[in-house]
Amino acid sequence: MRACRLHITGASGTGTTCLGQAIADQWSVPHADADFWEPSTPPYTTKHPEAERISLMRQIFLPRPSWVLSGAVMGWGDELRPYFDALAYQALPLARATQIHGLAEGIETRLRAAKAAGG
C-alpha cells in the first residue's frame, strides 16, 4: 500500500470515528480521533486544550508516513491541513437522517406525555 495520511470528517453522528478506525485497522496504520477527549466521569465532557492537541499531533502522529484522522479540526487544527494526502467527507444519507429525526420526535413526544402525566 502507498503511504497515505487520510482525514475523515463530517457532521456529528455520521460515523467518522467508526469509519476511521475501520480503515486504519484494514490498512494497519494508526488512527486518532480529533475530539481528543480527556478521561472523565461522566465521559466525553472535557476536551484536551487546543494547544495540547496540536502538540500531541506534532509529536506522535504527524511524523508517521501513514495514518487516519477522524473528526473535525476546523478552527483549532487548520495547520494540520498540509499533512493530509486525502480528505473524505462522511455524510448521513437523507433516508437515515429522516429516520433518526422521526425517532427523536417520537422520543420527545413520549417524554412530554410522561411529564404531563406526572412521570
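In this structure, does SER28 turn out to be open to solvent by 80 Å² or more (accessible area, probe 1.4 Å) and modelled with pLDDT under 85?
Taking the combined requirement at face value, the residue does not satisfy it.
Within the stretch 1-22, track down each residue that is open to solvent by 40 Å² or more (accessible area, probe 1.4 Å) and either over 15 Å from PHE84 (Cβ atoms) or out of contact with any Ser or Thr (no Cβ under 7 Å at 6 or more places or on another chain) (or both).
Within the stretch 1-22, MET1, ARG2, ALA11, SER12, GLY13, THR17, CYS18, LEU19, GLN21, ALA22 qualify.
Determine whether ALA32 is of a type outside the set (Val, Ile, Thr) and under 14 Å from the mean Cα position of the chain (by Cα).
Criteria met by ALA32.
Go through the stretch 87-119 and count every residue that is modelled with pLDDT under 65 and surrounded by 11 or more Cβ atoms within 10 Å (Cβ to Cβ).
Selection size over the stretch 87-119: 5.
Grab the strands (runs of 3 or more DSSP E) fully contained in the stretch 1-90, keeping just those with 2 or more residues being of a type in the set (A, V, I, L, M, F, W, C).
In the stretch 1-90, the matching strands (runs of 3 or more DSSP E) lie at 5-10, 67-70, 86-90.
The values are calculated or read from the model by the stated rules, or taken from the named source; none is laboratory data. These numbers were taken from a predicted model, which means no experiment stands behind them. Don't worry about glycine lacking a Cβ; one is built from the backbone with ideal geometry, like all the others, and counts go over all protein chains shown. Please note that ligands, DNA and RNA were not included when accessible areas were found on the heavy atoms of the full protein model with its side chains. Shrake-Rupley method; radii C 1.70, N 1.55, O 1.52, S 1.80 Å.
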